[in-house]
Amino acid sequence: MKTIYGILVLVGWLVIGSACHESSLTPEFTYNGPIPAIVDGTSEAQKICYDLYQKYDHHVYYTLSGDEALRTNVGITQTNMIEYNTPEALPLEAADEVTAGSFLKLLRTFYNALPAEIVKTTVIKRQVLIKKNLWYDNLGEYVGYYGLMLPTPNLSIGYIDEAQQGIVYWGEMDDDLGPQPELWKYSIASSFFRTRTSTYFTLDMPSPDAFIQVSKGKYFNEMSYEEQDEAMMDMVDWETEEWNMDYLRSLGFVDPYAFFMLSSKYSPNEDMASYATWIVCTPLEERQDILDTYPLVQERYNLTLEYYKNYLKIDLEEFSKFWVNVTVE
């Protein structure tokens, strides 16, 4: 009996000791929120940031600069691509409040018009407004062995690099530039659709196989060397130094970036996102002329509408009626 009693006492002390040991290693409070914390403020811009945090758990900032702007909840944003493309942007400079306030109103308007759950589940969580645009100025200095300069594609102020999943830097938040309504509307739509449907960023979205098949083999990177030679001459109007959109549309593309930089195996959802962006940012009458003229564009257009309705519960045509008429305050 004494032996059993002694064992029970020993076990009891071990349990107590273990409990004390575990409690000594467990912090009383662990902060899992955004860094720095997002609180309600007196300025309208800060109130919008707080509203986006409360509604969608998005961490939006317009006052961060330098290392603070690069910081994330898990470390520091990689700067190698920034240093390569726009080294003059470092150290990052915080946005001007007046311009930032106008942009934030537009961003909130865009999100509020979408299904809330779709916004909450986008990979874009941390958004930092800065003065310098970090997005590419063009597709590259030289292409192929012709040594030819390519014209600028559709620009965006939303910089999303594959090394920084979940982060977007909104550039040109500068009072000297002021509001840029059409560029802002295009950039917000493009950045959202690209990241929300990209299989690289979002694992719950299926590959748009039917959409891919329509233009498979017609992407520049899928052409033979002989076809690329011809395409180099046809894809740009070298007199005006502008993209030959008639040529690109005949192949089923509405954005030169998708034609030249992507392929049926590399980021096909980004190609579809270029369609979604084009749809919501372009009035129906302008789209209709193109749809009536280019059958491949019409086919991919229909597949894009179907994909977004099925998987994101978004009617792009209805959303377009709203978005093209939104004004920037």
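What is the distance in Å between the Cα centroid of the range 36-58 and that of the range 61-94?
21 Å
Residues with beta-carbon under 14 Å from that of Gln288, excluding Gln288: net charge, scoring Lys, Arg +1 and Asp, Glu -1?
Within the 14 Å Cβ shell, the charges total -2.
Glu44 to Ala116: FRET efficiency via 1/(1 + (r/R0)^6), r the Cβ-Cβ distance, R0 30 Å, to the nearest 0.05?
Once the sixth-power term is evaluated, E becomes 0.85.
For Val236, what residues show an amide H to amide H distance below 5 Å, using hydrogens built from the backbone and excluding near sequence neighbours?
Excluding prolines and chain starts, which carry no amide H, the hits are Asn244.
Quick check on my link table: of Lys105/Lys313; Lys185/Lys216; Lys105/Lys125; Lys55/Lys132, which ones sit more than 26 Å apart, alpha carbon to alpha carbon?
Lys185/Lys216; Lys55/Lys132
If you roll a 1.4 Å probe over the heavy atoms of the protein chains, what accessible area per residue do you get for the range 209-324, in Å²?
With all protein chains present, the range 209-324 gives 48 Å² per residue.
In sequence order, what are the phi-derived ³J(HN,Hα) couplings for the range 104-113 according to the Karplus relation 6.51 cos²θ - 1.76 cosθ + 1.60 with θ = phi - 60°, rounded to whole Hz, with x for glycine and proline?
Each residue of the range 104-113 in turn: 5, 4, 5, 4, 5, 4, 4, 5, 5, 8 Hz.
With a 1.4 Å probe and every protein chain kept in, tell me what percent of the accessible surface of the range 209-324 is carbon plus sulfur.
Carbon with sulfur: 47 percent of the solvent-accessible area.
With r as the distance between the Cβ atoms of Glu226 and Asn73 and R0 = 45 Å, compute the FRET efficiency 1/(1 + (r/R0)^6) and round to 0.05.
0.35
Around His58, under 9 Å between beta carbons, what's the net of Lys plus Arg minus Asp minus Glu among the other residues?
Its environment carries a net charge of +3.
Provide the FRET efficiency to the nearest 0.05 for the Glu241-Asn32 pair, computing r from the beta carbons and using R0 = 51 Å.
0.50
Zone of Glu318 (label point 7 Å along Cα→Cβ, backbone N under 20 Å): which residues in the range 165-197?
Hits in the range 165-197 for Glu318 at 20 Å: 189, 193.
Under 19 Å from a label point 7 Å along Cα→Cβ of Ser250: give me every residue in the range 204-234 with its amide N that close.
The answer is 214-234.
The values are calculated or read from the model by the stated rules, or taken from the named source; none is laboratory data. Keep in mind that what you see is a predicted model, and the values were worked out from it rather than measured. Ideal geometry is used to build each Cβ from the backbone, glycine not excepted, and the neighbour counts take in all protein chains shown. Just the protein is used for accessible areas: all its heavy atoms, side chains included, with ligands, DNA and RNA removed. Shrake-Rupley method; radii C 1.70, N 1.55, O 1.52, S 1.80 Å.
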